[in-house]
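> Shown below is the structure under consideration.
The values are calculated or read from the model by the stated rules, or taken from the named source; none is laboratory data. This structure is a prediction, so every number in the text was calculated from the model and none was measured. Neighbour counts are summed over all protein chains in view; Cβ atoms, including those assigned to glycine, are modelled from backbone coordinates with ideal geometry. Just the protein is used for accessible areas: all its heavy atoms, side chains included, with ligands, DNA and RNA removed. Shrake-Rupley method; radii C 1.70, N 1.55, O 1.52, S 1.80 Å.
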Amino acid sequence: MKNFSDFKTYNEYLGLDKPLDNDIDVGYYDPPNMLSSSEPITVDFYRISIKINVVNRTIPKSEPITAVFFNSPNLIVPTGWDVEPNYKGMYLQLSKKIIEENRYLFKTYLDYGQHEALYLTDEEVEEIEAVFKLMMKYYQNERRNFNVLLSYVNVLVSLVEAFYKRRFSTDPKEYNRIVLDFQQSLNDYYSQPVRQLPSVQYFADKLGLTANYLGDIVKHFTNKSALENIHDFVIKKAKELLVENKNLNTTEVAYELGFEYPNYFSKFFKKQVNLTPKEYRLQAISKKII
């Protein structure tokens, strides 16, 4: 597997122009003069790649697609790629340093996986191309104005965010399925003995998604974060155990739910319910509620 830590070596590998800066690199693809297939790779920086009418040769009879693709540090592209060299497109590369210094400009989808691409309409492509034209103007200027360049980067990522929300809204069946799979996985997790509390990353791995992608979809359709959904489910299970299993004390309930420390369970429950587990059990039993 090839690993790339800087723009220069990666661009040389692909056949792209030499970067003009170590923190921001903007450019256009030139497929006939580029590497059209690759072994598995990782890059130690962020990439936003827009490819227009690209055909994946690894998928028989595949149709051309136009989409935004992402790479992030340590994300493995496990099968590399093999594409027809007749697409067009643009790319933006950002160092970890520039992301850390300007995190407020960037969104969680920078950490999406290759298989979580954003498919674009012709109108959306036109908007992105217009922004790239302005980015290139300020990038190629010898007296590079990074404040202006970063502003256009912000416009680009804001457009992509808007387009993702559009996609979530216009194709709800696909994403509702992911939400339902997440909820079913949460049920399945507690249908067997557990040793620890579940995490968003656990369910993302289970569903073959990145944690940010899963979190954004769950948030869009439930108006709560994936972690809040997990906490709600844990509280629901806790209430059931406290009322239906009177032989279990609070410590045993905590261990049943995957809490390592019973005191943390009590504090967690009190914060969510505004009652301690013991208070809730007494109140629920006396009122015969769950």
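> Can you tell me which residue among 197, 214 is buried (at least 17 other Cβ atoms within 10 Å of the Cβ), at pLDDT 90 or above, more than 27 Å from residue 120 (Cβ to Cβ) and not hydroxyl-bearing (Ser, Thr, Tyr)?
Answer to the selection: 197.
> Please work out which residue is surrounded by the most Cβ atoms within 10 Å (Cβ to Cβ), limiting yourself to region 36-65 and to residues that are small (Gly, Ala, Ser) and not in a loop (DSSP other than H, G, I, E, B).
Result: 49.
> Would you mind finding the one in 160, 125, 179, 131 that is at pLDDT 90 or above and closer than 19 Å to residue 210 by Cβ?
Answer to the check: 179.
> If I filter region 226-234 for residues that are at positive phi, within 19 Å of the chain's Cα centre (by Cα) and open to solvent by 20 Å² or more (accessible area, probe 1.4 Å), do I get at least one hit?
No, that holds for no residue.
> Shifting gears a bit: Scanning region 79-107 for residues that are more than 23 Å from residue 161 (Cβ to Cβ) and open to solvent by 90 Å² or more (accessible area, probe 1.4 Å), which turns out nearest to the chain's Cα centre (by Cα)?
Only one residue fits best here, namely 79.
> Just need a number here: residues in region 19-35 that are part of a loop (DSSP other than H, G, I, E, B), closer than 20 Å to residue 85 by Cα and open to solvent by 30 Å² or more (accessible area, probe 1.4 Å).
2
> Answer yes or no as to whether residue 88 is in contact with a strand residue (DSSP E or B) (Cβ under 7 Å, 6 or more places away or on another chain), at pLDDT 90 or above and among the charged types (D, E, K, R).
Details: in contact with a strand residue (DSSP E or B) (Cβ under 7 Å, 6 or more places away or on another chain): yes; at pLDDT 90 or above: yes; among the charged types (D, E, K, R): yes.
Yes; evaluated as a whole, the condition is true for this residue.
> If you don't mind, another one. Among the numbered criteria (1) closer than 28 Å to residue 17 by Cβ; (2) surrounded by 13 or more Cβ atoms within 10 Å (Cβ to Cβ); (3) touching a helix residue (DSSP H, G or I) at 6+ places or on another chain (Cβ under 7 Å), which single criterion is violated by residue 132?
Only one criterion in (1) closer than 28 Å to residue 17 by Cβ; (2) surrounded by 13 or more Cβ atoms within 10 Å (Cβ to Cβ); (3) touching a helix residue (DSSP H, G or I) at 6+ places or on another chain (Cβ under 7 Å) is unmet by residue 132, namely (3).
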